[in-house]
1. Placing one identical point scatterer on every Cα of segment A:8-243 and ignoring solvent, what is log10 I(q)/I(0) from the Debye formula at q = 0.12, 0.17 Å⁻¹?
2. Within segment A:31-118, which chymotrypsin sites (Phe, Trp or Tyr not before Pro) sit in a loop by DSSP and count at most 12 neighbouring Cβ atoms inside 10 Å?
3. Which entries in the list A:Lys51/A:Lys311; A:Lys311/A:Lys345; A:Lys15/A:Lys311; B:Lys53/B:Lys165 go over 29 Å, if you measure between the two C-alpha atoms of each?
4. Using only the Cα atoms of segment A:402-458, what semi-axes does the equivalent ellipsoid have when each is the square root of 5 times a gyration tensor eigenvalue? Give whole Å, largest first.
5. Given the C-alpha centroids of segment A:261-288 and segment A:129-172, what is the distance between them in whole angstrom?
6. Quick one: Kirkwood hydrodynamic radius for chain A, alpha-carbon pairs, angstrom, one decimal?
7. Quick one: dipole size for chain B, taken about the Cα centre, charges +1 on Lys/Arg Cβ and -1 on Asp/Glu Cβ, in debye to the nearest 20.
8. If you filter segment A:298-356 for trypsin sites (Lys or Arg not before Pro), then keep DSSP loop positions with at most 13 other Cβ within 10 Å, what is left?
Amino acid sequence: MAPEPPLLTMSGITKSFPGVRALDGVDLDVQAGEVHCLLGQNGAGKSTLIKVLAGAHQPDDGVISWRGEPVTLRSPIAAMRLGIATIYQELDLVEHLSVAENVHLGHEPTAAGFVVRRRSARASTARLLKRLGHAEIEPGRLVGELSAAQQQIVSMARALSHDVRLIVMDEPSAALDPDEVDNLFRIVGDLTADGVAVVYISHRLEEIRRIGDRVTVLKDGRAVAGGLPAKTTPTSEVVALMTGRNVEYVFPDRRTAVPEGTPVLEVRGLARDGEFEPLDLIVHPGEIVGLAGLVGSGRSEILETIYGARKPSAGQVSVDGRPLKTGSVRAAVRAGLGLAPEERKAQALLMLESVTRNVSVSSMSRFSRGGWLDRGAERGAARAATRELSLRPDNPAVPVRTLSGGNQQKAVLARWLLRGCRVLLLDEPTRGVDVGARAELYAVIRRLADEGLAVLLVSSEVPEVLGLADRVLVLREGRVVHTAPARELDEHRVLDLVMEGSPAT
Amino acid sequence: MTQHASPPRDDTGKVPSTGQPPFWRGLFAHADVRTLSLLGVLAALILVGGITKPDEFLDTRNLQLVLTQASVIGVVTVGMTFVIMSGGIDLSVGAIVALASVWATTVATQEYGFGGILLTAVLVGLGCGLVNGLLIAYGGMVPFIATLAMLASARGLALQITDGKTQIVTVDSVLDLGLRDAYVLGIPPLVMVFAVVTVIGWLVLNRTTFGRRTVAVGGNAEAARLAGIDVRRQRLYLYLLSGLCCGIAAFLLIILSGSGQNTNGNLYELDAIAAAIIGGTLLTGGRGTITGSVLGVLIFTTITNIFALNNLQSDVQQIAKGAIIVAAVLVQRRTASTT
């Protein structure tokens, strides 16, 4: 490597959120002019790391050095001043402003200090777009009218409108067609030729092989390998690094006999345009069916459509052979479905309320007569449900926001347990849950299934699906590409299935 | 588990169950810091009134007047508190009060006597609430816009009905309720209505599924929907409730003024929102109390009264009210960040 100090060195970066340690002493060094790839499964800490680098999160511990000098990135503006730009997966553009206005947002060329020199802004925007190979994008157009790929170009133009030395790209190829990916790679090549460093995040190994110089692999908040050669490290080694457990997950024993007989949940030809293709699946009482796939493979959308939170464009969901009214959460809940959504805080919990009220919210009619609540009965039932799941602390009167991630998830499960639901839809049940608390949650899920619940489980953590489910459906880009009993699959096989055949190959 | 200063009496080795907390804890759990500080402010105001105008302020008649004035806006504020707690807003309350008061006092309505006036006021309130609710819950309109439109239309309709004239009430049974003879143990009937509405509002919010759903929708509408709550129907009911409160308030106003005017209820929306916010209702929804809102109303009315007794003009009152709103929110933010 170069004799001069690296452009960027991060060492010992640690960052905790309530209930989970997202980064646990991560080291990363980036040289000027290289493409440094960050690899890791969902939840490995990639997003947190780049947010620290962008100045959006403050690390609890660790040192960041820029050209050999220790720096503190107090805010996104501080990072930008140094020359660090980040292009997030969810683009942060203002749809109702023009391309040129977005590119120069916050640092508009002005006359007399406040009058925006629109012509000059447009001219410089046009130059940037041309450099990015997209001269056809008009600087005067509204960003909201552009395609996703074009918006990404605008986001990149915005990054380049600063004197940028390091660009972080978070899954930039996810929304792109193959030829657009080629253009992206050409841009990355041009940038590095100019001495700009690129931190490139992707799930797709093929892309990393094509443009990457070095690879750092993150896992469970740690860098398990730093600076591997991107082009020559064998795939098996990379996959092993991504998946190798430094904490052994303990999964409960599967039932020996796979349940048969009448399925409780039946999904026929369910589809949503642009999200997932027609899907058939059945779940028996006592059975756990897993959906494995990456972000964007349509997993969460499938669960939410089954649950009625999204309206399907085709197909039918039946419970006990009775078809459900499509697109109605209330019909689904009444038929005995319960959802533990991916975004617990945003989609499931009433954060200002006590555990009791969070647990009882779906069963209030059971504790009321003519709308009048019997609060004693409510407390008792909530206590019984949370005790059954060993929720800690053993006091349902505490606010749910004070609970750890794993116990918050138990509160959501207790809600459906109390409701007496028959089909449990679990979307990333261990997201934001400490590694230690996961085994307990797995045991709870298995026990609920053994007691006769049908469970449909979505997870991007392949070992979780394999360890917990009886049967696994592997999803890629909205399509089921493989179905098999979990015991016939292993992690490498599933990762191959979900990663292969991406557009960049 | 919170730490107790005093050790538990029963020595079973376990932390005492909080399922049945001791009565004093329940008392303080309800009378939280915010309620206590609002009571403190009210006590301070009464002290100020008693010191500056000892004879006039503490006079029974004056106190009856303060409470009577608080009644009309108070009933509106109870409904507003529910709406704000659900994450909504109702800007049309003042206009609905005006429309209900003039509709209920037309010559034609007055022919039906007491019942006709009361029923019309309530039905007009409910009707306006229904329109608000349908537009917001099922029409997907932003509450601010839908109720702003209702504000304009209801006021316009009120003007059209009255042609700008004051409609004098001639039904004695209505007017009698405003007279001193109708006071029971020195309490005016209007104040009793206010008290009843407050108690019912408190019970509905704290002891019924309706109240729970309101809080759930306001705290996290998406979570409420995914938990199986019919969020849209709940929103519709909430605007109906606000309309109902406006109808009741209009009837009280008719008793109080002996007339119906299209200028009635002017800026009630601002007073009601301000009282709810001073009382600790979160404008984004999910948190608030009826007790706090009612204390907010009483604080506002008491200030107005003290200022009037001291010959301070309404401009000074308005400035003071503004300052109080800012102070209350700043204090609340401080307490919210420390808990």
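The values are calculated or read from the model by the stated rules, or taken from the named source; none is laboratory data. Source: prediction; values computed, not measured. Every residue, glycine among them, receives a Cβ derived from its backbone with ideal geometry; neighbour counts consider all protein chains shown. Heads up: the accessible areas ignore ligands, DNA and RNA and are worked out on the full protein's heavy atoms, side chains in. Shrake-Rupley method; radii C 1.70, N 1.55, O 1.52, S 1.80 Å.
1. So the normalised log intensities are -0.67, -1.27.
2. Details: sites: A:Trp66, A:Tyr88, A:Phe114; in loops: A:Tyr88, A:Phe114.
For chymotrypsin sites (Phe, Trp or Tyr not before Pro) across segment A:31-118 that sit outside H, G, I, E and B with at most 12 neighbouring Cβ atoms in 10 Å, the list reads A:Phe114.
3. Details: A:Lys51/A:Lys311 34 Å; A:Lys311/A:Lys345 23 Å; A:Lys15/A:Lys311 39 Å; B:Lys53/B:Lys165 37 Å.
The answer is A:Lys51/A:Lys311; A:Lys15/A:Lys311; B:Lys53/B:Lys165.
4. On the way: eigenvalues 68, 30, 20 Å².
After scaling each eigenvalue by five and taking roots: 18, 12, 10 Å.
5. 40 Å
6. Numbers: mean 1/r = 0.0404 Å⁻¹.
After inverting the pairwise mean of 1/r, the radius is 24.7 Å.
7. Numbers: 20 positive and 17 negative charges, 222 e Å.
The dipole magnitude comes to about 1060 debye.
8. Working: sites: A:Arg299, A:Arg310, A:Lys325, A:Arg330, A:Arg334, A:Arg344, A:Lys345; in loops: A:Arg310, A:Lys325.
Those that pass, being in a loop and sparsely packed, are A:Lys325.
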